[in-house]
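Asker: I have a structure here, written as C-alpha cells, and I will follow up with some questions on it.
The numbers here are math on the coordinates, done by the rules we state, and not lab data. Quick caveat, the model's predicted, so the values are computed rather than measured. Don't worry about glycine lacking a Cβ; one is built from the backbone with ideal geometry, like all the others, and counts go over all protein chains shown.
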Amino acid sequence: MRVSEALTKLPGVHRAAAVMATPLNVDLLTDDGMRPDVPAGPHDLLIVVDGEDEAAERALAEIDALLAPRASAAPVEAAPARLVEQTGGTLAVVAVPGQYAATEAYAALRAGMHVFLFSDNVSVEDEARLKRMAAERDLLMMGPDCGTAILDGVGLGFANRVERGPVGIAGASGTGIQQVCCLLDAARIGVAQAIGTGGRDLSAAVGGSMTRRALRLLEEDAAVEVVCLISKPADPDVAAAMHGEMARLAKPVIACLLGERKRDEGSVRYADNLTDTADLIAETIGRPHLREGWLSYAHLGEDPLVAGFFAGGTLCSEAGRVLDGLGVAHQLLDLGVDEYTRGRAHPIIDPRLRLAMLERLAVGEERPVVLLDVILGDLADPDPAGSLRPALERLRERAIPVHAVLVGARSDPQGLTRQQATLKDAGCRVFTSNAEAARAAGLAVRG
Amino acid sequence: MPVMRLPAVSYHESVVSLRGQLIVRAVFHRAWHLHASDGSVLTVTTAPEDGPMAIRVGGPLPPVAPGALCRLREDVLSVEQHQIALGDARLWRPATAGEPLSRDGLEGHLALLPSYGDAHDEPWRSRLAEPAKALTNALARGDRRGTEVAAWCLLGLGLGLTPAGDDVLVGLLTGLIVLERRANGFGADAVRVGAALGEWISRVAPERTTPLSATLLRWAARGVAAQPLLDVLWSLGSTSSVRGLDRLVAMGHTSGRDMLFGASLAAATFLEREGSDGVAMGGSSQCVSRLGQAHARLGGAH
C-alpha cells in the first residue's frame, strides 16, 4: 500500500496500484481500463501505473527503490561489544519492540555502554535488574520508557533543540523534561544536561536508583548551577529518600514531584507544577523570565467537562491536578501509556489514534472543552499541528473549544511560530505552559 | 558464508507437522514466506505476534534468495546457510476455551468497536462495500449459497499480500468459530452457516487469492488466527474489557482493521442468528440495523 500511495503522489501519475494479481484484482484493473498486458497470477505482485508517458516511466523506475526495505528497517548486526571496539562509542540507544528491548539493553551494559532505553513494554522486574547492573558498572541506565535526554548538548529521543546553559535536570518524565526545557528556552535560559531516568524510576519497585546517580552526576558537572528533579507521582518512601539525596547536594535544587505540595526545605525548593518549576529555576539563577508571555485566556462558556488527549504522561497528570484544584470535572487520556502504544508508534510520532478520537468527538453529541498537547523536537511528528488541523477544524465547526499546550523550543525543526500559527488558524487557544492551558480549560468549563 | 543460527522465539504447533522440502518464495525484511508441497505457506517472521503456520524469531532476518530450498528436520529449519532453531522456543497453541459469552456483553462490546476505526481513505477499500454488504445480508438470512457468492467477490480483493477482502473473511470465519465455542450451545445456526462457508472458502481460496491468504483462511476456518484477533474474540462479549484491540488494529497496513471488521460482522451475525433460533430476542430489522452499523463502523461499506 505504501508503494501504491507513493506512486500515486508522483507528478504526472493519474492512478497507480500495487496489488497481488488475484483474479478479482485483475478483473477490477480491467474494469478500470488498467489491465496490464502481462501474464500474472496470485503469486505475483502487479504494479500498474496510469499517467503521462514520461511520468509513468519515471514512476516505474522508482519501484525498486520503493520496494526496498526502508533504511531504518534494514537488518543490521548490532553486537554492542563489537560496536564499542570499532567505534569507541560509549552510549547505546535501544529502541526496539518491548519484548526484545531488555535483551539488547543487557548486552549494551555488558559491553560497558551507557543505555538510553526508549522502548516501553519492558517489565518492571527487568528494569530493576538492568538498573542494578548499571549501578554495579558505574553506568547510566536511562529508561525503559525513557522519552527524553539531553547529554552534553546532544538530544536523545524526543528532545527539543535548546541552548546549553546552567540548568541540570534529572527527570523520571520525558514530557516533563520537555515542558521545563521549553519554558526555560522561552526565557532564554539554557540546559547543561537533562538526564532521563524512565517514568518508573521513583516507584517502590525500582527505588530511584538512576535518579540518585543522575543527581550525583549533575552535582559533579561544573556547568550545572541549578539542579532540577522532575517526576511523575513518586512512591512516598522513595520520594523521602530522594529528598535526602537532594538536600545533600551543594547546589540549589528545584524539585517537581507531581503530588508534592509547594514548599521550601533548606536548599530544596518544591514546585507545585512544571511551570512553577521553570519559574523557580529562573528566580534562582536571577534571570527575568517571561511568564506573562506564557498565558492568555478568557472564559469561553459553560461546558461541563474538560476532555484531554495527551501525548505526554506527565503533562496529563499535571493537567489533572490543576483541574482537580479548580474542582472541574475532567476525562484525560494519556495516549503514551503502554496499552495505547503496543504495536504502534508513540503519539508524539504518530498522530492517528488521537486524530481518530478527535474526529469521533467532532461527530458525537458531547461538547466538552478539549485540552491537548502538541510536542515538538527531534524525532517528533514533523508537523504535529498540521496533522491535527483537520480534526481541530471539525471541532471548531461544532464550536467545541480547544486549548493546546505547545511544547517546543525556538530552534525545533518543526518551527515553533509556524506550529503556533497553524494551531491558532485551526481555532485553538495556544499556551506554552501546560498548567496554564489546563487552568484556562478549567475556567472555561466553570464559566 | 558463515552459518548463522537464529533461535526462534515461538512457533505454531502446525509447523512441526510440515514435512519435506520447502521453497523460499518471497523475502521481506521482516519475513520470509516458505511454500510447502501442499501449497501452504510457512512464515518466518520478526513480528511480535504469534499466528498460524508461523515461526517467530527475535532478531533481524538475514537476506536469503527466493527459490532457495529449505527443510525442517529435528527442530531445525535450514534455509541456505542459516538455521532457525526451534528447540528452546515456545510452542504456540491457541486457546480453545475461555470465558462464556454473554449476549449483553457482546452487544455492549460491539457498540464500542467504532473507536478503533481510524479514518482511512483508500479507493480500493470502497470496492469491499458491495460484496461485504451482500455477505452480511446472506448471513442474516442464513442463505448458504448467498454467502458463497458474496465471499467469492471478496476473495483476493484489494491491496496487500493478504488482500483486504481476505482479511475480512479471516475475521469473520474465526469469529464465528470462536464465539460458538464460548456460547454454550446457543447460536448454533450461525455456526452452521459459518462452518459451511469456511469449508467452501478453504476449498476455493487457492485459486482465488495469494497462497499466504489461502493458508490463513484455511486456519481461520478452524478458528485459528493471529493472536491479537484471538484475544479480541476470546474477550468480546465477556464481563471484562476487550483485549488485544490496539494490537490488532496495528497489524499490517490495514489487515488488522479489516480482520476486526470481519470479527464485528461475525459478532453481529451471531447475535442475529442466535435470536432467530428463538433462544433469545432478535429480529430481522434489528439484524439489518446491527450489521449495517458494523459495516459503517469499520469498512465504510453502505
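Asker: May I ask for log10 I(q)/I(0) of chain A at q = 0.09 Å⁻¹, from a Debye sum over the Cα atoms as equal point scatterers with solvent left out?
Answerer: With no solvent term, the Cα-only Debye profile gives -0.65.
Asker: Take the alpha-carbon centre of segment A:1-72, take the same for segment A:92-137, and report the distance between them in whole Å.
Answerer: Taking the Cα centre of segment A:92-137 as reference, the centre of segment A:1-72 is 43 Å away.
Asker: Near A:Cys428, within a Cβ-to-Cβ distance under 12 Å, what is the net charge of the other residues, with Lys and Arg +1 and Asp and Glu -1?
Answerer: Local charge sum for A:Cys428: +1.
Asker: So what's the net charge close to A:Leu117: Lys and Arg +1, Asp and Glu -1, counting the other residues with Cβ under 12 Å from its Cβ?
Answerer: Net charge around A:Leu117: -4.
Asker: If you count the DSSP beta bridges with both ends in the protein assembly as shown, what percent of them are antiparallel, to the nearest 5?
Answerer: Expressed as a percentage, antiparallel bridges in the protein assembly as shown total about 40.
Asker: Which one, B:Leu179, A:Leu10, A:Ala194, projects farthest toward the positive side of the charge dipole computed for the protein assembly as shown from Cβ point charges (K/R +1, D/E -1)?
Answerer: My answer, from the dipole projection, is B:Leu179.
Asker: While we're here: Report the Cα-based extents of segment B:33-78 along its three principal axes, largest first, to the nearest Å.
Answerer: Computed over the Cα atoms, the extents are 27, 23, 22 Å.
Asker: Assuming R0 = 41 Å, what is the FRET efficiency of A:Asp31 and B:Glu199, from their Cβ-Cβ distance, to the nearest 0.05?
Answerer: My answer for the efficiency is 0.85.
Asker: For the protein assembly as shown, what does -39500 (n - 2.57) per DSSP helix run (n ≥ 4), summed and divided by total residues, give at 222 nm, in deg cm²/dmol to the nearest 500?
Answerer: When only DSSP H runs of four or more count, the value is -13000 deg cm²/dmol.
Asker: Same structure, new question: Over all directions, what mean area does the Cα convex hull of the protein assembly as shown project, stated in square nanometres? List each step's numbers first, then the result.
Answerer: Working: hull surface 136.1 nm².
It is 34.0 nm².
Asker: For chain A, calculate the relative contact order in percent as a whole number, restricting contacts to Cα pairs under 8 Å that are 6 or more residues apart.
Answerer: 11 percent
Asker: Any number yet on Rg/Rh for segment A:80-131, C-alpha, Kirkwood?
Answerer: For segment A:80-131, the value is 0.97.
Asker: With all pairs of different alpha carbon atoms counted, what Kirkwood hydrodynamic radius in Å does segment A:348-436 show?
Answerer: Numbers: mean 1/r = 0.0770 Å⁻¹.
Value: 13.0 Å, from the Cα pair sum.
Asker: Let me ask something else. Among A:Leu117, A:Leu109, A:Leu326, which one shows the highest mean-square fluctuation when chain A is modelled as a Gaussian network with alpha-carbon springs under 10 Å?
Answerer: Maximum among the listed residues: A:Leu326.
Asker: Still on this model: Taking amide H atoms as placed 1.01 Å from N in the peptide plane, list the residues 5 or more away in sequence, or in a different chain, whose amide H sits under 5 Å from that of A:Val405.
Answerer: A:Leu372, A:Asp373, A:Val374, A:Phe431
Asker: Here's something else I'd like to know. Can you give the net charge of the other residues whose Cβ lies under 15 Å from the Cβ of B:Ala134, counting K and R as +1 and D and E as -1?
Answerer: Computed value for this residue: +2.
Asker: Give, as ranges by residue number, the residues of segment B:46-78 whose backbone N falls under 14 Å from the point 7 Å along Cα→Cβ of B:Ser17.
Answerer: B:52-54
Asker: Place a +1 charge on the Cβ of each Lys and Arg in the protein assembly as shown and a -1 charge on the Cβ of each Asp and Glu, then give the dipole magnitude about the Cα centre in debye, rounded to the nearest 20.
Answerer: Working: 74 positive and 91 negative charges, 138 e Å.
Magnitude of the dipole: close to 660 debye.
Asker: Still on this structure, I have one more. Would you please state the base-10 log of I(q)/I(0) at q = 0.23 1/Å for segment B:162-242, with intensities from the Debye formula using one equal scatterer on every alpha carbon?
Answerer: -1.03
Asker: Under a 10 Å cutoff between Cα atoms, tell me which one of A:Ala187, A:Ala435, A:Ala240 has the largest fluctuation in the Gaussian network model of chain A.
Answerer: A:Ala240
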